[in-house]
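As structure tokens, the structure follows; a few thoughts come after it.
The values are calculated or read from the model by the stated rules, or taken from the named source; none is laboratory data. Only a predicted model underlies this, so the values are computations on that prediction, with no experimental measurement involved. For neighbour counting, all protein chains shown are included, and Cβ atoms are generated from backbone atoms with ideal geometry for every residue, glycine included.
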Amino acid sequence: MRRTLLPLAALALVLVAGGCTIEINDGAAPGPGDTTTPADSPVAEEPFGDGSSENDNVSPTAAPPAKVPALTCDQVAESELGSTKVRYNDYPDPIPLTEGRWAGEDGVVVALQPPCAIGDMTGDGAADAVRAIMLDGGGTGKFWGIVLWRNVKGAPAYVGTVDLGDRTPVEKVTIGAGQAQVVYLTRPDDASMVELVIERTATYRLIDGKLEEIGYVDKPHS
């Protein structure tokens with residue numbers, strides 16, 4: 001055994017001295033189980049931190065969008081009726097409300113009424129406002145209606161008004177499922193103006209940018 005090893009060792013020394021290359025494993029490429037990693041290959045770091053510090057190696061988590069505050073009934077009392085696109089009662093310019101009232105040089109007085117509701121009417125997730133309004137022209141007529149303000153970044157923007165008629169007081173306003181329900185008193189077409197014998201619950205929805213009635217239910221009122 002010793003005699004065999006000595007000649008092999010001597011042969012290896014001769015080959016190295018002569019500039020020959022000795023191949024290991026018959027020059028075969030590394031097998032599936034063999035791994036080679038160059039010395040200068042980058043090593044992936046394990047992620048750490050939450051991105052809140054400059055030393056963290058992960059991106060910060062994107063903050064959720066800020067929730068738009070709901071409009072309030074008091075807020076719309078200091079807003080405007082009408083806009084550059086939609087006029088109120090044919091006035092050329094928007095009219096400013098102060099504590100829910102406005103008085104014109106022609107003697108017309110516009111006043112918001114207590115029935116009011118807050119909720120999403122436009123489908124954007126922000127709470128809008130619908131409130132009753134009355135226009136007094138100085139005579140016997142007292143013209144009631146409802147106004148819709150859209151919520152734009154927490155501020156009221158006038159959308160439109162629905163007229164309900166002369167001396168038809170609004171009793172209640174609610175908002176749900178993108179619709180406004182308005183309860184008001186009215187009369188048959190052939191009755192006198194003082195005969196408020198019908199309680200009407202009308203439902204309104206925003207259609208193509210306008211507040212439209214989509215139905216109503218009447219019941220007797222005494």
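The residue of the stretch 168-180 that is nearest to residue 198 (Cα to Cα), among those that are out of contact with any Leu (no Cβ under 8 Å at 6 or more places or on another chain) and surrounded by fewer than 18 Cβ atoms within 10 Å (Cβ to Cβ), is 172. Residue 57 passes every criterion in (1) in a loop (DSSP other than H, G, I, E, B); (2) over 22 Å from residue 165 (Cα atoms); (3) modelled with pLDDT of 95 or more apart from (3).
Against the definition (in contact (Cβ under 8 Å) with a residue 12 or more places away in the chain, touching a strand residue (DSSP E or B) at 6+ places or on another chain (Cβ under 6 Å) and under 25 Å from residue 208 (Cβ atoms)), how does residue 111 come out, yes or no? Spelling it out, it is not the case that residue 111 is in contact (Cβ under 8 Å) with a residue 12 or more places away in the chain, touching a strand residue (DSSP E or B) at 6+ places or on another chain (Cβ under 6 Å) and under 25 Å from residue 208 (Cβ atoms).
Listed here are the residues, each with its yes/no results for (1) assigned to a strand (DSSP E or B); (2) of a type in the set (Lys, Arg); (3) under 20 Å from residue 136 (Cα atoms); (4) out of contact with any Lys or Arg (no Cβ under 8 Å at 6 or more places or on another chain).
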position	(1), (2), (3), (4)
157	yes, no, no, no
161	yes, no, yes, yes
180	yes, no, no, no
183	yes, no, no, no
199	yes, no, no, no
202	yes, no, no, yes
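For the stretch 134-160, residues that are within 15 Å of residue 102 (Cβ to Cβ), surrounded by fewer than 14 Cβ atoms within 10 Å (Cβ to Cβ) and either modelled with pLDDT of 95 or more or among the hydroxyl-bearing types (Ser, Thr, Tyr) (or both) total 0.
Checked against the criterion of being on the phi < 0 side of the Ramachandran plot and under 23 Å from the mean Cα position of the chain (by Cα), the stretch 130-140 contains one or more residues that satisfy it. Considered as a group, the residues in the stretch 101-122 that are among the acidic types (Asp, Glu) and within 21 Å of residue 90 (Cβ to Cβ) include one that is surrounded by the most Cβ atoms within 10 Å (Cβ to Cβ), and that residue is 106.
For residue 165, the stated conditions do not hold, so it cannot be described as assigned to a loop (DSSP other than H, G, I, E, B) and surrounded by fewer than 17 Cβ atoms within 10 Å (Cβ to Cβ). Scanning the stretch 185-197 for residues that are of a type in the set (A, V, I, L, M, F, W, C) and in a strand (DSSP E or B) yields one hit, 185.
Test residue 125 against the criterion of being surrounded by 16 or more Cβ atoms within 10 Å (Cβ to Cβ) and at positive phi, and give yes or no. Taking the combined requirement at face value, the residue does not satisfy it.
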